[in-house]
Amino acid sequence: AAGLERVARPALSGLAVLLAFASPTDAAEYFVRPIINAGLDYDDNRRLDPVNPKGVLTQRYFPTLLFGVRTPAVNTSGIARAEIIQASDNELDRTNGFMRLRTIYTTPRDLWDAAVEWRQDSTLNTSIVDPGQALGQPLADPSLAPDVDERPDADVRDLVRQEVQRTKVKFRPTLTHVLTPRLNLELGYRFNSTTFEKVPNSNLEDSTENTV
């Protein structure tokens, strides 16, 4: 429940941002779509233990909210999704979450594009977000999905038996300014942060990246 609350708070904040961007005098198109999926799976060695493998039956629930608003100058869209895991091994129960909000603001000579993303999952879990859920929906586009080149298992080369919680935060603002009809100036910044739950016998290290 606590994990689901952590997902709900930024989702409600994102909806508040939508209302702030579209004033009552603007012609605005709103989009809000709730989705819920569920799944059941069995893994004969969930902890990847080479000595004492243990089978685990897992129930997964995926409540999702797609939302967006479009005005003549502003296009804002987002996705919030939780993954509620209930396993026969109670130590593997957890709630993961993903939230992404993107806003594009256009003027005659400038295009501002800003995206912020928050994700909380685990090093042995790759199913927190299904990009297909964000595609083909009104006001949605492929940018709503997390980076497809991310490989969570790359963080666990030396981690076998423990499932470590991981939190990622990304912020990517860009500005494109029209200098002449044939020449544009583009400025951008990227912030990436990854933090791991502190557990014994884990060599996973937090990291922060800033790129201009």
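General observations
This table checks each residue for (1) loosely packed, with under 14 Cβ neighbours inside 10 Å; (2) under 16 Å from the mean Cα position of the chain (by Cα); (3) modelled with pLDDT under 80; (4) in a loop (DSSP other than H, G, I, E, B).
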residue	(1), (2), (3), (4)
104	no, no, no, no
108	yes, no, no, yes
136	yes, no, yes, yes
146	no, yes, yes, yes
162	no, no, yes, yes
174	no, no, no, no
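- In the stretch 86-102, the residues that are surrounded by fewer than 20 Cβ atoms within 10 Å (Cβ to Cβ) and either outside any strand (DSSP E or B) or of a type outside the set (Lys, Arg) (or both): 86, 87, 88, 89, 90, 91, 92, 93, 95
- Hey, residue 185 at pLDDT below 90 and either not in a strand (DSSP E or B) or not polar (S, T, N, Q) (or both) or not: no
- All of 38, 22, 1 fail the test of being at pLDDT below 55, over 18 Å from the mean Cα position of the chain (by Cα) and farther than 24 Å from residue 102 by Cβ, apart from 1.
- First in the stretch 185-198 and in contact (Cβ under 8 Å) with a residue 12 or more places away in the chain, second anywhere and of a type outside the set (Ser, Thr, Tyr) and loosely packed, with under 14 Cβ neighbours inside 10 Å, Cβ under 6 Å, 6 or more apart: 189/212; 191/210; 192/209; 195/206
- Given (1) closer than 28 Å to residue 28 by Cβ; (2) within 11 Å of the chain's Cα centre (by Cα), index of the condition residue 119 fails: (1)
- Any hit, the stretch 60-78, residues being open to solvent by 80 Å² or more (accessible area, probe 1.4 Å), under 23 Å from residue 30 (Cα atoms) and touching a residue at least 24 places away in the same chain (Cβ under 8 Å): yes
The values are calculated or read from the model by the stated rules, or taken from the named source; none is laboratory data. All figures in this text were calculated on a predicted structure; none of them were measured in a lab. Positions of Cβ are backbone-derived with ideal geometry, glycine not excepted, and every protein chain shown enters the neighbour counts. Surface accessibility is based on the protein's heavy atoms, side chains included, excluding ligands, DNA and RNA. Shrake-Rupley method; radii C 1.70, N 1.55, O 1.52, S 1.80 Å.
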